[in-house]
1. Which shape class, rounded, prolate or oblate, goes with region 44-144 when its Cα gyration tensor gives a ≥ b ≥ c as root eigenvalues, a/c under 1.5 marks rounded, and past that a/b bigger than b/c marks prolate?
2. Among 93-99, 6-12, 66-72, 35-41, how do they line up from the highest to the lowest mean number of other beta-carbon atoms within 10 Å?
3. Counting heavy atoms of the protein chains only and a 1.4 Å probe, report the per residue accessible area for region 71-147 as a whole number of Å².
4. On the full set of protein chains, 1.4 Å probe, figure out the accessible area of Trp148 and give it in Å² to the nearest 10.
5. Quick one: with all protein chains in place, what share of the accessible area of region 1-158 is carbon or sulfur, to the nearest percent (1.4 Å probe)?
Amino acid sequence: MEILFHSLDVEAGRRLGAGRCAPVDVRPFDHGADAAAVFAVVEACRAAAGQDDAAFAPAGIAAELVSRPGRRVDAWLAWPQEEPSEPLGLVAVVEAGEREPRRFSIAWLLVHPQARRRGIATALVAHALAAVHGRGAARLAVETHGAWPAASSFWRSIASSAGDVIENAEIV
């Protein structure tokens, strides 16, 4: 399986939102209040992708949204501005390392299949870039499976706006 590694320039990436983002409210993920909403988004994405493995299970993703020693996790949900009943997407950023340089990476970026291609993922990534910029990050790492053409295409378009360094690796 091919994995694409991206390293986004945080400063350059902060400009990517201009005119390309959906009008959504991006709010911090609340473990207590938003767990069911995250499960719904993950299940919809999993069904659309035909993913049945445990790595793409709602409980597994929810477990990854918890910080622990040496690993801080921040996540945000995108909600529609009109009648915010269900979230449209989720982004999770992991800050790892107790010493400098810390590593910042996007652990998950999911957009509900019925809300795709409307700028929601771009809005979530722009929010994540702004958040890590505020914590002193210079680069934000991203990985995606080469077998997910829509995700690969999205990250390539973001990368061209964010001073990307792309590395391809074959994982067997």
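1. oblate
2. 6-12, 35-41, 93-99, 66-72
3. Working: 3710 Å² over 77 residues.
Accessible surface, normalised per residue, equals 48 Å².
4. Approximately 80 Å² of Trp148 is accessible to the 1.4 Å probe.
5. Details: 4180 of 7940 Å².
Carbon and sulfur: 53 percent of the exposed surface of region 1-158.
The values are calculated or read from the model by the stated rules, or taken from the named source; none is laboratory data. Since this is a predicted model, take the numbers as computed values, not measurements. Every residue, glycine among them, receives a Cβ derived from its backbone with ideal geometry; neighbour counts consider all protein chains shown. For accessibility, only protein heavy atoms count, side chains too; no ligands or nucleic acids. Shrake-Rupley method; radii C 1.70, N 1.55, O 1.52, S 1.80 Å.
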